[in-house]
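Accompanying notes for the structure given below.
The values are calculated or read from the model by the stated rules, or taken from the named source; none is laboratory data. Just so it is clear, the structure is predicted and the values come from calculations on it, not from any experiment. Here Cβ is always computed from backbone atoms with ideal geometry, including for glycine, and neighbour counts include all displayed protein chains. In case anyone asks, the SASA skips ligands and DNA or RNA and just uses the protein heavy atoms, side chains included. Shrake-Rupley method; radii C 1.70, N 1.55, O 1.52, S 1.80 Å.
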Amino acid sequence: MSFTNIRKAAALTLAGAVLFGAVAGFPMSAKAEPIDYAAEAEARKGLPVQTDDIDNWPAGPRIGAGAAILMEANTGTILYAKNIKDKNYPASVTKIMTGLLAIENSELDETVTFSHEAVFSIERGSSNIGMDEGEAITMDQALHGMLILSANEVANAIGEHVGGDKDTFVQMMNDKAASLGCVNTHFCNANGLFNEDHYTCAYDLALIAREFFSYDVVASIARTPVCTFEATATQPDSFTLYTKNQLMKGMKYEYPYLVGSKTGYTSEARQTLVSCARKDGMELICVILKEESPCQFTDTVELFNYGFENFSKVNIADNEKSFTMNDSEFFDTGADIFGSSKALLSLSPDGYVILPKTADFSALTSELTYDDSESGSIATVHYSFNGTPVGQTDVILNAESADIFENKPAGGDTVTGGIISVEPADENNMTGEITSVEPVEEESPVKDAGGATTNQTGDAVFINVKYIIFGLGGIVAVVVIVLIVRSILKDFYFAKKRRNIMQRKRNRSSKSEFDDL
């Protein structure tokens, strides 16, 4: 066995011993005062769960984590909340941000080279795969080493590769967190080793995890239990990595619906875990902070089961009865001058809400917004259940109906890229309709000395005033329709709001072993 092979084997063995000690709860320093971590975790089970304060919301499990969240990834609905905005240390779950930036800013076949700083700046005995200064592996291998065995020198090397240097990458991490809506996060390094100024919260980690697990490549690595590195010209050893994450296939707390998971541990952070699972059309993100082993795994399983057993995904368009465009003849263009038989507006078929299985869709309240709507939408309808946001959908202008405003000549044919000649009305052409269309080359229009518009071939462009009038009329019609639509939508919103207030009043009256360092 080569010296470097012995060194890598020793590094992996030491890392495993350290992780075993972390999971078992052994003190990491002989000088440290003994702390009864199990008693602290037991006491944390009595901390309030904020989602329990929501009327008619399923009661959440009592877990020993200091902070935890269960979020539905597609809608952002928070199913379980316990101190989700409290500042905590993330430890190695930091690496989901490192992996996210890597997959967004590099290719899997790029070469990641290990600098002196990347290899020797990590704490002695912290998790690593024994890479040497000057060695190089692919980005794909680097992501496997970082996400499976939580290798700290590999996270450093990824950061340097993506950002150019450590400081630039850390800035990228903080910028990305801000862009995702994180409100209580500050990163100082790519690996999560303890720093007083390196912190986050359960809510922010859920936002980062939503983005991370949306990439199948890194999600698949984050659920891989074992992988082997083969020797290459730039990395001379062959070795195998085995996950310490007990949610993985074949492990003690295997979760069959797991999309991916990342563990973390430092003595200051305690056990941390970020995971994603998919079942029954729902994709749930679970974040556990400040827990004791093996409860980071059992807490996660308990929260996933709570979510899948108590909530369901409900299509809005299929269930919204009070808000339908087809109910109004104004929106039905089947027998009017527009010549369309489809309703002008409708609810997007892709909008969903997440509801307690004991709740009815009619119990929801809604709010309309008109800003930041996606292209093609008139407004967005936001739904909530007893004050808790549960999903949204867009009010869209149907494509078939949108075509009614397209400017078309007589006969229904659209004319583009040509000169439209209009003969004056006479005994043979009493309406001044189009008599010919001549194709032209795509030239920029210019103005002659008299201000008349011509193309660069010098040919005149004839304009049919009738179609200008119709076009302007169409624009005015669209504006009027949008104003009326907004008025009708507002009427719907306030009417439904009053119904839901009454419904809430009726409801109230009837309410009688292994981890990384």
So TYR352, is it surrounded by fewer than 16 Cβ atoms within 10 Å (Cβ to Cβ), within 20 Å of the chain's Cα centre (by Cα) and at pLDDT 95 or above: no
Residue count, the range 196-211 (criterion: in a helix (DSSP H, G or I) and open to solvent by 50 Å² or more (accessible area, probe 1.4 Å)): 3
Top-ranked residue in the range 163-173 [being farther than 14 Å from GLY99 by Cα and assigned to a helix (DSSP H, G or I); ranked as most open to solvent (accessible area, probe 1.4 Å)]: ASP167
The range 295-323, residues that are in a loop (DSSP other than H, G, I, E, B) and open to solvent by 40 Å² or more (accessible area, probe 1.4 Å): LYS321, SER322
Any hit, the range 27-37, residues being at pLDDT 95 or above and either in contact with a Lys or Arg (Cβ under 8 Å, 6 or more places away or on another chain) or not in a loop (DSSP other than H, G, I, E, B) (or both): yes
Test: residue in the range 258-275 that is touching a Gly at 6+ places or on another chain (Cβ under 6 Å), of a type outside the set (Gly, Ala, Ser) and either within 21 Å of ALA190 (Cβ to Cβ) or surrounded by fewer than 20 Cβ atoms within 10 Å (Cβ to Cβ) (or both): yes
Restricting the range 55-106 to residues that are in a helix (DSSP H, G or I) and charged (D, E, K, R), the residue that is farthest from the chain's Cα centre (by Cα): LYS95
Subset tally (residues that are touching an Asp or Glu at 6+ places or on another chain (Cβ under 7 Å) and open to solvent by less than 10 Å² (accessible area, probe 1.4 Å)) for the range 117-148: 4
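Okay, residues lined up against (1) among the aliphatic types (A, V, I, L, M); (2) modelled with pLDDT under 95; (3) more than 25 Å from LYS87 (Cα to Cα):
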{"site": "GLU254", "(1), (2), (3)": "no, no, yes"}
{"site": "TYR257", "(1), (2), (3)": "no, no, yes"}
{"site": "LEU273", "(1), (2), (3)": "yes, no, no"}
{"site": "ILE285", "(1), (2), (3)": "yes, no, no"}
{"site": "ILE288", "(1), (2), (3)": "yes, no, no"}
{"site": "GLN296", "(1), (2), (3)": "no, no, no"}
Qualifying residue in the range 212-235 (condition: within 24 Å of the chain's Cα centre (by Cα), over 24 Å from LYS85 (Cβ atoms) and assigned to a strand (DSSP E or B)): no
Options TYR253, TYR203; residue that is aromatic (Phe, Trp, Tyr) and farther than 17 Å from ILE148 by Cα: TYR203
Pairs where the first residue, in the range 64-92, is under 19 Å from TYR199 (Cα atoms) and the second is of a type in the set (D, E, K, R) and modelled with pLDDT under 95, C-beta under 8 Å, 6+ apart: ALA91/ASP516; SER92/ASP516
